[in-house]
Amino acid sequence: MLPTDNGLPKGHKHAQKVLNGLGLGYEKIHACKNNCMLFYKEHETLDTCLICNEARFKMTSQNRTTNIPQKVMCYLPLKPRLQRLYMSTHTATDMRWHKEKWVDDDVMRHPADGEAWKEFDQTFPEFAADPRNVRLGLATDGFNPYEVLNQHHNTWPIFVFPYNLPPWKCMKKEYMMMTVLITEDPGRSIDVYLRPLVDELKDLWTNGVRTYDKLTGKMFTLRAAVMWTVNDFPAYAMVSGWSTKGYMACPVCKEDVTSGWHVGKVCYLGHQRWSSPDHEWREKDKEFDGNTERRLRPREWSGDEILEYLNRLDFAPFGKTVSRTRPSTHMNWTHKPMLFELPYWSKLKLRHNPDVMHVEKNVFDTLVGTILDIEGKTKDTIKARLDLERIGIRRGLWMNKDSDKARRDLAFFSMKPNDKKEFLKFVSSVKFPDGYASNIARCVNVDGGKFTGLKSHDYHVFMQRLLPVGIRHLLPEDVVKPIMLLSRFFFQLTAKTLLKTDILQLRHDIVQVLCKFEMIFPPGFFTSMMHVMVHLPEEALLAGPVNYRWIYPIERLLGELKKSVRNRAKPEGSIIEAWVQYESLTFCGILLPQWILDRAATTVEPRSFPAVTVEPAAAISSVFTESAPPSFSLLRRPNPTPEMSNLIRRRRAVTTTPSSEPPAQPTSAATAPALMDHLAVGPAGS
Ligand SMILES: [Zn+2]
Ligand SMILES: [Zn+2]
């Protein structure tokens with residue numbers, strides 16, 4: 001079918017060899033079976049774990065040691081992945097966006113508009129001086145590659161992504177970098193697996209890496225810093241070292257959170273603390289949980305304070321074999337996060353972000369479960385009514401003891417059966433424009449009176465669009481108003497651009513919503529997710545729009561990774577190979593337009609661009625000349641097309657210093673000209 005002189009690779013191995021030449025590989029590092037330590041650096045030669053004495057390698061049935069490790073993690077070095085961003089003029093220009101195209105006004109459209117970014121620039125002016133230094137976000141989340149086939153397996157990738165890029169390129173899959181792949185849920189031992197990444201980040205901060213910048217045609221020292229992490233609440237606890245369970249679950253309020261034991265679990269109340277000191281609500285004990293509230297909002301800990309406190313504590317080593325009980329002096333601290341080894345980490349204004357997607361989903365579940373009185377989801381249970389009786393508040397909601405048997409009457413904040421049916425019918429009748437939302441109607445069970453199979457984006461649309469319209473005439477006005485305010489809160493908070501004045505308003509609104517909810521719903525309604533909402537506007541002021549700090553892009557990516565599993569016995573092997581190939585192909589995609597430009601320039605006027613011939617993109621041509629698919633035959637034409645000549649002329653007009661000097665000899669194996677060496681041993685050279 002193809003012409004005989006086509007340059008396609010002969011087979012899968014051949015293609016893989018070509019891609020390996022690009023230098024975007026990965027390392028396998030052996031780990032202890034119980035997550036205590038890595039056999040890495042000074043421990044590379046050990047055969048048993050130093051903490052639990054577990055053997056590093058698997059044993060045969062005859063008790064003989066094999067050379068098959070018990071557990072392996074994959075590490076994808078960060079430096080070559082950052083360097084590739086500067087190998088094309090397009091991406092190199094984009095990486096300067098945050099400084100050169102940034103607009104200083106009241107609108108927040110990028111993390112660079114946040115207070116945290118600005119303060120970082122003031123604290124580290126020498127880092128901020130070069131816009132090419134990379135600011136990273138770090139996200140981690142687990143997924144089950146087996147789905148229903150094995151409920152216990154979890155795969156945990158850790159991603160970093162550059163924030164230097166313009167808003168429309170930030171968080172896009174092409175620029176995501178997987179750095180670590182762990183074969184199970186590591187719990188607090190995630191720090192064991194972060195070791196290689198933190199070591200590389202420390203080196204990237206203190207020494208940097210010599211990198212070739214295609215835009216200027218010169219070498220420069222590339223440095224990088226992690227600005228914050230993005231996690232759901234369980235992963236937040238792993239990365240931040242603060243357990244998000246128990247009486248002190250809020251990682252922002254820490255020991256000063258108002259929590260209490262209601263209906264067999266911890267509930268988080270007392271949101272009057274965020275209102276003004278003389279607000280009337282502070283005295284209304286009967287309307288709230290029976291207590292007056294005089295305290296001001298909880299104090300927030302600075303990074304230095306946290307570090308100083310953690311340095312005074314002793315923590316048990318990592319691993320599954322270690323006891324988890326901790327003394328009361330530790331509060332909720334489970335370990336000292338390894339990220340504090342980064343010299344700048346304690347100076348950051350915002351270190352961790354609870355993911356807004358999960359907050360919105362959980363709040364929706366609690367709220368809708370209660371107002372629709374869905375069995376199993378509602379927080380207005382018999383226990384909750386007895387709890388109200390115990391505290392002696394809201395007599396109208398106590399159990400009805402008129403007959404022999406005590407009854408739970410439907411509360412004023414729940415819909416009557418007919419109203420519930422009307423609401424569900426309304427939801428199932430709504431039609432959305434294509435691509436706006438999934439078909440929510442399929443998730444509604446009108447007769448069963450519940451929802452099934454809602455996806456996280458459905459919650460997002462439901463909360464902001466359907467809920468305020470659907471409940472208007474079905475619930476009392478006092479209940480509808482705060483719910484509408486809550487819908488508006490999420491709508492404004494998750495917008496792509498935020499006005500600073502709007503965020504200040506949101507900060508006020510959410511306190512109103514939570515206080516009004518406290519006066520309506522029983523204490524069991526106030527889960528940790530309900531409370532976390534009170535901190536979201538503050539975080540938006542610090543770090544800009546939520547779009548760059550939520551987990552939607554990561555979840556989408558995890559879904560794609562799940563599909564790449566071919567060998568069910570070793571899912572991580574399939575995932576890592578598929579990812580490395582994707583990264584290499586994206587790299588080629590970024591490099592190819594650049595190469596066409598360079599190639600054309602050398603063919604037409606070689607004397608004007610003498611240096612182009614030694615540049616890395618041109619070096620890659622040797623691979624593509626052999627392995628190029630037929631559509632790339634354009635690349636081999638001796639003379640450029642008229643459009644291309646125009647392009648070259650334009651380029652000459654724009655370029656002020658047409659790469660007059662060849663790049664200096666690099667120090668890293670992955671820097672530009674070293675890439676040529678890689679390629680020389682590939683199929684093109686052989
Ligand atoms: Zn061990
Ligand atoms: Zn809090």
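Annotations for the structure displayed:
- Residue selected from region 529-581 under the condition open to solvent by 20 Å² or more (accessible area, probe 1.4 Å) and of a type in the set (K, R), by the criterion nearest to ligand 2 (Cβ to nearest atom): R556
- Look at (1) in a loop (DSSP other than H, G, I, E, B); (2) over 30 Å from A31 (Cα atoms) and you find that W281 fails only one, number (1).
- Listing of helices (runs of 4 or more DSSP H) fully contained in region 461-543 that carry 2 or more residues being more than 16 Å from ligand 1 (Cβ to nearest atom) and of a type in the set (F, W, Y): 477-493
- In the condition set (1) away from ligand 2 (no atom under 16 Å from the Cβ); (2) open to solvent by 80 Å² or more (accessible area, probe 1.4 Å); (3) of a type outside the set (V, I, T); (4) part of a loop (DSSP other than H, G, I, E, B), L296 is compliant with all but (1).
- When we screen F233, F288 for residues that are open to solvent by less than 30 Å² (accessible area, probe 1.4 Å) and farther than 28 Å from V546 by Cβ, the only hit is F288.
- Note on region 303-323: among residues that are near ligand 1 (Cβ under 9 Å from one of its atoms) and open to solvent by less than 50 Å² (accessible area, probe 1.4 Å), the one that is nearest to S346 (Cα to Cα) is F318.
- Annotation note: of V226, V198, V252, the sole residue that is touching a residue at least 24 places away in the same chain (Cβ under 8 Å) and farther than 30 Å from T527 by Cβ is V198.
- Residue ID - least open to solvent (accessible area, probe 1.4 Å), chosen from residues in region 1-19 that are among the aliphatic types (A, V, I, L, M) and in a loop (DSSP other than H, G, I, E, B): L8
- Filter result for T334 (hydroxyl-bearing (S, T, Y), over 17 Å from D191 (Cα atoms) and in contact (Cβ under 8 Å) with a residue 12 or more places away in the chain): no
- Boolean, V198 is within 16 Å of ligand 1 (Cβ to nearest atom) and of a type in the set (V, I, T): no
- Residue list for region 236-269, filter: more than 14 Å from ligand 2 (Cβ to nearest atom), open to solvent by less than 20 Å² (accessible area, probe 1.4 Å) and on the phi > 0 side of the Ramachandran plot: G241
- Counted residues, region 500-527 - those being open to solvent by 30 Å² or more (accessible area, probe 1.4 Å) and in contact with a helix residue (DSSP H, G or I) (Cβ under 9 Å, 6 or more places away or on another chain): 10
- Any hit, region 437-444, residues being among the polar types (S, T, N, Q) and not in a loop (DSSP other than H, G, I, E, B): no
The values are calculated or read from the model by the stated rules, or taken from the named source; none is laboratory data. Just so it is clear, the model here is predicted, and its values are computed rather than measured. Ideal geometry is used to build each Cβ from the backbone, glycine not excepted, and the neighbour counts take in all protein chains shown. When the accessible area is computed, the model is the full protein with side chains, heavy atoms only, and any ligands, DNA or RNA have been set aside. Shrake-Rupley method; radii C 1.70, N 1.55, O 1.52, S 1.80 Å.
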